[in-house]
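Report on the structure given below.
Readers should treat all values here as calculations from the given coordinates under stated rules, not as data from a laboratory. None of the values given here were measured: they were computed from a predicted structure. For neighbour counting, all protein chains shown are included, and Cβ atoms are generated from backbone atoms with ideal geometry for every residue, glycine included.
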Amino acid sequence: MTYLLRLNLDIKEKNFKDNLRFKAAVSTIKAIQKRGHKVVILSHRGRPKGKDGTLSLRPFVPVLSRVLNRKVVFMPDFNFDKAKQKIAASPPRSVFLLENLRFLPGENRNSQTLARQLSTLADRYINDDFATAHREAASVVAITKFLPSQAGPILKAEVKNLSRVKNNPRHPLVVIIGGAKTEDKLGVIKNLLPKADWILLGGGPANTFLAGRGFNIGKSLHAPALLRELKPIINHKKIVTPIDWLTEGGKILDIGPETRALYAEIIAQAKTIVWNGPMGLFEQKKFSHGTEAIARAILKNKVARTIIGGGETITSLGILNTRYKIQDTKNRNLFLSTGGGAMLDFLAGKKLPAIEALRKKHAL
Ligand code: ADP
Ligand code: MG
């Protein structure tokens, strides 16, 4: 049998063998292969507008081939007839990787035509990409109409672990939101407010609130289009914004030392912690201290049930050398989520299109 497998390979770091999403993807591929099936991998990278060589999935071919111990066949041209023939002629356990689906305009339009074309490549479909579950895309929603569909092990584990915190958080619940995808992340704050005791902001979300609270944020990353919508909650007491920050070239690029201390103090009280989004431009060492302070505060609080999610957030834990320290802490109830925006949407009680599509098929 041939399985169409939707995975998340939206990974930015160069050395990605230890990446959470990559390791999860490999374990799912292996599990399907072990039963003698062929696997056709569907995935995306970044937010390309049309074809963009810098966002190709080709760099994954040698690494996947090495860890799977067999040559992975790359299919760069979306020639579905040719691909179908190649797959049919291949031996059991063969693995194919399709080029970045977002190169095709139909992907993010949830095109039925594209979904039908994809479905001709396989007998069954498995979605194991939680991080894209909040998108209405052909390879995660429309596809379920054309093939018998299942939820993969990563997706199932995400739903199980996040549901516990969503339905039954122990209080105080401290939610930390930073990063760059400001529109996506701020969109859920209103829904999270009734549940959370504190929402600590960094990155683009913090800058947007600071602007709304009357501070001059210069050219800092923020989402001005959201300010009107946020007006009713802009001065809400549960939403904590930085009290000092680091700047360069007129941009706020990290939270400052007093904010680090304030956030650490609040995190120390938490019984549940949810974190998505770095506090600053952590890729540059001088702007990594805010993000590191959050990781250290989480490390210190050994009782809180903790969920940390998001591509760059998990990467930052690795770079700042805190990931395994947090994972290894005894008695800690920790879940590392592959999702950033998807995780926040799920916790806020929003319906995720890909999960709804699978539920309609009784696949979840
Ligand atoms: P995640 O992948 O964890 O969900 P995002 O994709 O939303 O997080 O954002 C991660 C990016 O946000 C990082 O590359 C980081 O450099 C950037 N970032 C954080 N704070 C700022 C800031 N103040 N200004 C510009 N970029 C920021
Ligand atoms: Mg990201």
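Worth pointing out:
- Remark: for residue pairs 237/351; 145/360; 17/351; 12/84; 12/49; 34/360, the C-alpha separation exceeds 20 Å in 237/351; 17/351; 12/84; 34/360.
- Percent antiparallel among DSSP beta bridges (both partners in the range 186-319, rounded to 5): 35
- Among beta bridges identified by DSSP and lying wholly in the chain, the antiparallel ones come to about 10 percent.
- Highest-fluctuation residue, 102, 70, 45 considered, GNM on the chain with Cα pairs under 10 Å: 70
- Check: the chain dipole with +1 on Lys, Arg Cβ and -1 on Asp, Glu Cβ, in debye: 1060
- Taking θ as phi - 60° and the Karplus parameters 6.51, -1.76 and 1.60, the scalar couplings of the range 49-55 work out to 9, x, 5, 8, x, 6, 10 Hz in sequence order, x denoting glycine and proline.
- Across the range 287-301, rounded Karplus estimates of 3J(HN,Hα) from the backbone phi angles (6.51 cos²θ - 1.76 cosθ + 1.60, θ = phi - 60°) give 10, 9, 5, x, 5, 5, 4, 5, 4, 5, 5, 5, 4, 6, 7 Hz, Gly and Pro being marked x.
- In angstrom, the C-alpha Rg and Dmax of the range 159-347 are 15.1, 45.
- GNM result for the chain, Cα springs below 10 Å: residue of 126, 307, 319 fluctuating most strongly: 319
- The range 302-364-the range 95-128 distance, computed between alpha-carbon centres (Å): 25
- In the range 255-364, the trypsin sites (Lys or Arg not before Pro) that fall in loop regions by DSSP, at most 13 other Cβ within 10 Å: 302, 330, 351
- For residue 111, nonlocal amide neighbours, meaning residues 5 or more places apart or on other chains whose placed amide H falls under 5 Å from its own, are 138.
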